[in-house]
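These notes are about the structure you will find just below.
The values are calculated or read from the model by the stated rules, or taken from the named source; none is laboratory data. Bear in mind that the values here come from a model prediction, so they are computed numbers and not experimental data. Note that each Cβ is placed from the backbone with ideal geometry, even for glycine, and that neighbours are counted across all protein chains shown. We work out accessible area using only protein heavy atoms, side chains counted, and drop any ligands, DNA or RNA first. Shrake-Rupley method; radii C 1.70, N 1.55, O 1.52, S 1.80 Å.
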Amino acid sequence: MISDRTQKTHLALAMALALAVVAAPDAHPSDSPQGKTPEKAVIAPDDADFSAFVRKATTKPEFLSPLVDHLPKKAGVPSPKDVLGYHIGTEKKLTYVADQQRYFRALEKALPGRFRTAIVAKTEEGRDIMVVYVSSEANIKNLEVNRQNTRKLADPRGLTDAQVQQLIATTKPHYHISAGLHSAETNPPEAVIELAYRLAVSEEPYIKQIRDNVIVSITGATDVDGRDRYVDWYYAYKIDEAYDGGENYGGPPYWGKYVFHDNNRDINYGVDSLRAHLNWYLDWVPPIWHDLHEAQTLLYTFSGQPPQNANLDPILYTELPFFANYEVNKLTGYGMPGVWHFGFVDMWSPGYLGFAAANHNGMLRMYEIFNQGGANTKKARLSGAQTTRQWYRPMPAVAGEVDWSIRNSINYAVTGVLTALELTSKFPTMVVENYYRKSINAVKKGADKPPHAFMIPGGQKDQTQVDRVVNLLRRQAIEVHRANREVTIKEGTFPSGSYIVRLNQPYGPLAKTLLEKQTYPDPALTTYDDSAWSMGMANNIDIKTIEDRTILDAPASLLKDDVVTIGVLADPRGAIGSNNPVYVVRHNGSLNLITLRYRLKDVAIKAATAAFKAGDEEFPAGSLLIPGSDRARKEIEALGLSGVALQSAPADLQTVEVDLPRVAMYTTWANTEKVGWVRLAFDRWEIPFDLIHKDHVQAGAGLRGKYDVIVMPHQTQNGKSIVYEQPKLSKPLPYKKNDKYKSMGFYAETDDVRGGMGLAGAAEFQKFVEDGGVLMTFGVASYFPAEFGIAKGVDAQAPAQGFYAPGPYVNSEILLPNHPLMHGYTQKTLPVRYASGPLLQAGPPAGFEQFAGTSPERPQVVARFTGGDAGVLSGLMRSADQTRNRPMIVDAPSGKGRVILFANNPIYRWQTFGEHAMVFNGLLFWNDIPAPSAAKPTTTAQ
Ligand SMILES: [Zn+2]
């Protein structure tokens, strides 16, 4: 309900607006070619009902623009209200995706010549992902030809100058708009419904010009599952939020199946529904992708501020402010306050979803539009830097209290996008020509200037990891060659089968961005996301930068398909058959070893506890001994593993049973996102687990009776916030399956998402460990066992002031190479992503002396950060001395069990594959970890 006061305010505002609008200037942009024509007199009258609505729903006259203060009508074409029953931006109305798509289909039915819908993929939960296209009849008829022409410009190798000129002259710029990547950002999926309608039906000259000169496409809801879940949550709870303060009911604990806000951080497109957007992009290659978000005061338009990725073409860095300045200019001219660019998001990380465009020689554009979540009109308190006047913000929003409605947000969103499209329609050839120029420049740069290629040498210890990297590159349409024979160049001799990523290709700059070491341009600058992602380090494989230009002509074949690693089970005596009862599978760090173990879960498998020789081959510790069978051999080969088939196991081999643990993964309700990445990895490697939460660890939960290993992924801010989560509200907020809100209750259920496990829950974890369970904690979650005394003799501190580490890759040193966690890691040092976990301290500092000496509960440091500036391998870390010799992995025995604390986050996004094996080892060898040896170093110097 709206308070009386709100209603009165609205009435007063509506009267003021009515007066203001009468005095407004010409409602059409005056610089359209036909802008002076009084078209309104000769076309169908505008929707009078809408005009009254928008004046009432907009809370101040300056939050409306002449572009959206009226809604055109066209005979036979339904407006959004005709289908949905309400105008877009009606208070307390959010649109489910199915209804949005129903409206788009109605528009297509009424105007098939101008408007088309297409389903591009299904989501994880089986919903449709839709893209719609709107343009003139002629352009829609020519849509496929225009797509093909755009693709030719995207890869201009082999085109003659005349062909290029012909293509530039005849190709319409394709401008893609996406909404609803972030489900809590409720206005863009609404705004694009009205935007689509306006573009399809309006006969205003500037919109006709957009239709004639631009092909517009729209993804109305990028995270479809998340949008529906958020709308459910809104109608269930948030709709009751008060106008002025009071309780905020937050949002649903899940958006899409796996990740939340990080759906805009999936640098390797690991989530299928996100990959579907990349695939769509690569199919159509629109020169512009404009992604609509919701935050900031009042409309921020991205202009590509430093730090900038210097691999991207300089032309891009002129296009971004060109568009942004035009939008600030026009909207400021309409009297709309708070429109600005610069000073928010930088141009460093390539991992945002819409960066698919910038990474592929197009242009990523982005808005942040103010709203307060949901669709309730609420009092907003505008304050801070974004209400200050700057050169890039000439007319800031006025600081102080203001009523804000979702219609205000939609006015800004639609006005902004129409303005950007209008600019595009004025310079269509420029957009297309720039796109061609960036593409051809990319090819030339790799040919003319070193580096000319990256080499992924053959013969590395784990081919599955190497092949995964190749497939991740190919996923982004980067061409990869395979050497047909040995290659000798300045950098060395590489075996036949080595992979070569040549940079004289359209997506060469992207390959360079992904593969090189990130050299941060200015340590004084902050960055919005990660500062590093170097794929060689993330995957713990060797990748060489090649400056020798002859690599471009080395005999090599272009890969046409993803590579599949076929395993090899050698038989020293010839054919493999039933006379080879033992297969020895090398532990080379492959992540597929655990999949093999689970696929053969009914088979008794042993592992060697030390390196050994079988036949002429050396096998490292952790190598598996599997009873021979056709089934086992097929799985070994299919999973790309390697080994040897033997008559019998080598004599005197020390082994352990590789018995599989019962696994649980612990999640808070307050912070499910980073847990989601670990769920994704476990699902992909076929590791079964129960997702458990506060309700499962109540007093007397008996965790040990149910589980052997509990994994607690990186989440929240520290141990306390894992234990207490968010405080309870005056009413519970259930997240359970129900008939009314069908997307609730997915992945976990509870009667109240608020309130954490509490101390009683923490005590259950302690019992679990002391009774023989293994608790593995990642990143920030490692504060929990340290702060609550579950990991004995381990302390956790936050870094001191001045420390700043936006996801660099750093060096670590393996102190206990024989520890089962480190099976498959043969090097002394290991690059890892710094995850901003705790600074751990293990061993006997003051107060912990009882854990010194020979105590069986003495914590052991398995690996540590080397620290200091020299330890930063890629990206940015300030005050790096604070990490010097700090433990990265601590194995802390406790009672019959143990806590394994990772200060790194070994399963981070779909990215740190080089670190996953430590976790998988922890599962495979959960009860095979020997007691601390007195002979080994167990403490670290500070
Ligand atoms: Zn967002």
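Here's the picture: charge each Lys and Arg Cβ at +1 and each Asp and Glu Cβ at -1 in region 249-340, and of ASN329, LEU298, ASN263 the one pushed furthest to the positive end of that dipole is LEU298. State the Cα centre-to-centre distance between region 333-357 and region 619-644 in whole Å. If you average the Cα positions of each part, the centres end up 51 Å apart. Take the Cα of ALA699, go 7 Å toward its beta carbon, and the backbone nitrogen atoms of region 759-803 under 17 Å from that spot belong to 759-768. Rounded if a/c is under 1.5, else prolate if a/b is larger than b/c, else oblate: which is region 83-202, with a ≥ b ≥ c the root eigenvalues of its Cα gyration tensor? Note, shape of region 83-202 comes out prolate.
The residue list ASN927, LEU821, LEU421 was ranked by how far each Cα lies along the charge dipole of the chain toward its positive end, using unit charges on Cβ atoms, and LEU421 comes out on top. Backbone amide hydrogens, once placed in the peptide plane, bring ASN371 within less than 5 Å of ALA295, excluding anything fewer than 5 places away on its chain. How would region 72-139 be classified by its alpha-carbon gyration tensor: rounded, prolate or oblate, with rounded meaning a/c under 1.5 and the a/b versus b/c comparison settling the rest? Because a/c hits 1.5 or more and a/b fails to exceed b/c, region 72-139 counts as oblate. Taking the square roots of 5 times each eigenvalue of the Cα gyration tensor of region 145-191, largest first, gives ellipsoid semi-axes of 35, 11, 6 Å.
Across all Cα atoms of region 230-300, the radius of gyration (one decimal) and Dmax (whole number) stand at 16.4, 47 Å. From a point 7 Å beyond the Cα of LEU558 in the direction of its Cβ, which residues of region 241-277 have a backbone N at a distance under 16 Å? Flagged as within label range: none.
Note on ALA118 and LYS449: their simple-model spin labels are 3.5 nm apart, each label 7 Å out from Cα toward Cβ. Dipole magnitude for region 101-149: computed about the Cα centre from +1 point charges on Lys and Arg Cβ and -1 point charges on Asp and Glu Cβ, it is near 160 debye. Listed by chain and number, the aspartates and glutamates placed with their C-alpha closer than 12 angstrom to that of LYS238 are GLU247; residues fewer than eight positions away on the same chain are left out.
Only Cα sites of the chain enter the Debye sum here, all with the same form factor; the resulting log10 I(q)/I(0) across q = 0.08 1/Å is -0.82, listed in q order. Estimated at the nearest 10 Å², the accessible area of LYS731 is 60 Å² with a 1.4 Å probe. Spin-label model, ILE566 to GLN165: label points 7 Å out along the Cα-to-beta-carbon direction sit 5.2 nm apart.
In angstrom, the C-alpha Rg and Dmax of region 301-413 are 15.3, 44. When the Cα positions of PRO572, GLY622, TYR237 are compared along the charge dipole of the chain, TYR237 comes out farthest toward the positive end, with charges on each C-beta of Lys, Arg, Asp and Glu. Computed over the Cα atoms of region 269-361, pair by distinct pair, the Kirkwood hydrodynamic radius stands at 14.5 angstrom. Rounded, prolate or oblate: pick one for region 175-254, where a ≥ b ≥ c are the square roots of the eigenvalues of its C-alpha gyration tensor, a/c under 1.5 means rounded, and failing that, prolate if a/b is larger than b/c, else oblate. Prolate shape, in that a/c is at least 1.5 and a/b is the bigger ratio. Restricting attention to region 368-527, the count of lysine pairs at 8 or more positions apart or across chains with alpha carbons under 19 Å apart stands at 8.
Compute the separation of the alpha-carbon centres of region 739-769 and region 166-228 and state it in Å as a whole number. Result: 40 Å between the Cα centres. Secondary-structure-derived ellipticity at 222 nm for the chain, considering helices only, amounts to -9000 deg cm²/dmol, per-run term -39500 (n - 2.57) for DSSP H runs with n ≥ 4. Full extension of the chain between SER629 and ASP771 gives 47.4 nm of extra length, using 0.36 nm per residue less the Cα-Cα distance.
Taken over the C-alpha atoms, region 567-704 has Rg and Dmax values of 18.2, 59 angstrom.
Spin-label pair TRP685-LEU282: with each label point 7 Å from Cα along the Cα-Cβ axis, the two points sit 2.5 nm from one another. Between region 579-617 and region 241-291, what is the separation of their alpha carbon centroids in Å? Between the Cα centres of region 579-617 and region 241-291 lies a distance of 40 Å.
Taking the empirical scaling 2.2 N^0.38 Å for compact globular proteins as reference, region 683-821 has a Cα radius of gyration ratio of 1.22.
Sorting LYS674, LYS152, LYS634 by solvent-accessible area of protein heavy atoms yields LYS634, LYS152, LYS674, largest first, with a 1.4 Å probe. Dipole size of the chain about its Cα centre, with +1 on Lys/Arg Cβ and -1 on Asp/Glu Cβ: approximately 620 debye, rounded to the nearest 20.
Directionally averaged projected area (region 585-628, Cα convex hull): 3.2 nm². Counting only Cβ charges, +1 for Lys and Arg and -1 for Asp and Glu, the dipole size of region 754-849 around its Cα centre is about 300 debye. Residue ranking by accessible heavy-atom surface, 1.4 Å probe, largest first, among LYS742, LYS73, LYS512, LYS379 comes out as LYS742, LYS73, LYS512, LYS379. Taking the Kirkwood radius as Rh and the Cα radius of gyration as Rg, region 488-542 has a ratio of Rg/Rh equal to 1.06. The residues of the chain have, on average, 35 Å² of accessible surface per residue, using a 1.4 Å probe with all protein chains present. Within the accessible area of the chain, the carbon and sulfur atoms contribute 52%, probe 1.4 Å, all protein chains present. Here nothing in the chain passes the span test, since no DSSP H helix has an alpha carbon length of 24 Å or more along the helix axis and a Kyte-Doolittle mean of 1.0 or above. When each of the peptides 315-327, 682-694, 773-785 is scored by the mean number of other C-beta atoms lying within 10 Å of its residues, the order from highest to lowest reads 773-785, 315-327, 682-694.
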